[in-house]
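This report concerns only the one structure given below.
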Amino acid sequence: MKILVVDDEQDVKVLFQQRFRKEIRKEELEFVFAFSGEEALKTLEKMEQEAILILSDINMPGMSGLELLETIKKNYLAPPPVVMMVTAYGDEENFNTAKRLGADDFLTKPIDFKLLKEKLIQSK
């Protein structure tokens, strides 16, 4: 399964590579990283509609994760990617907006990697 992780924090890449070392080595999961909403859209264009899961931070400079979510759900329909929103703020307004825009799931930071692994297994 190919997963696009979108977060403006560069250290997220190392964190995911460490936490999913086994799954990456076994080629069960492949991670691609984008550090802005704009970069994520360029990456998605290059991926040519591969069936993927997207984990996106909500609060990013430039295009927010919610704006990215709205664009993805409008433009990437076949097959529609699963989009999980990630934020440091577990507030109801972001949750409701993300759900309204079509988010498939909602996670709060710091990420519970055990829970995330369970969700990824369910998404396969």
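Can you name every residue in the stretch 61-109 that is at pLDDT 90 or above, surrounded by 13 or more Cβ atoms within 10 Å (Cβ to Cβ), in a loop (DSSP other than H, G, I, E, B) and more than 12 Å from the chain's Cα centre (by Cα)?
Once the filter is applied, which keeps residues that are at pLDDT 90 or above, surrounded by 13 or more Cβ atoms within 10 Å (Cβ to Cβ), in a loop (DSSP other than H, G, I, E, B) and more than 12 Å from the chain's Cα centre (by Cα), the stretch 61-109 yields 63, 64, 101, 102.
Within the stretch 46-57, is even one residue free of Cβ contacts under 8 Å to residues at least 60 places away in the same chain, surrounded by 16 or more Cβ atoms within 10 Å (Cβ to Cβ), among the small types (Gly, Ala, Ser) and touching a helix residue (DSSP H, G or I) at 6+ places or on another chain (Cβ under 6 Å)?
Among the residues of the stretch 46-57, at least one is free of Cβ contacts under 8 Å to residues at least 60 places away in the same chain, surrounded by 16 or more Cβ atoms within 10 Å (Cβ to Cβ), among the small types (Gly, Ala, Ser) and touching a helix residue (DSSP H, G or I) at 6+ places or on another chain (Cβ under 6 Å), which makes the answer yes.
For the stretch 1-14, give me each residue that is touching a residue at least 40 places away in the same chain (Cβ under 8 Å) and surrounded by fewer than 20 Cβ atoms within 10 Å (Cβ to Cβ).
Listed by number, the residues that qualify are 1, 2, 8, 9.
The values are calculated or read from the model by the stated rules, or taken from the named source; none is laboratory data. Only a predicted model underlies this, so the values are computations on that prediction, with no experimental measurement involved. Using ideal geometry, Cβ is built from the backbone for each residue, glycine included, and neighbour counts are taken over all protein chains shown.
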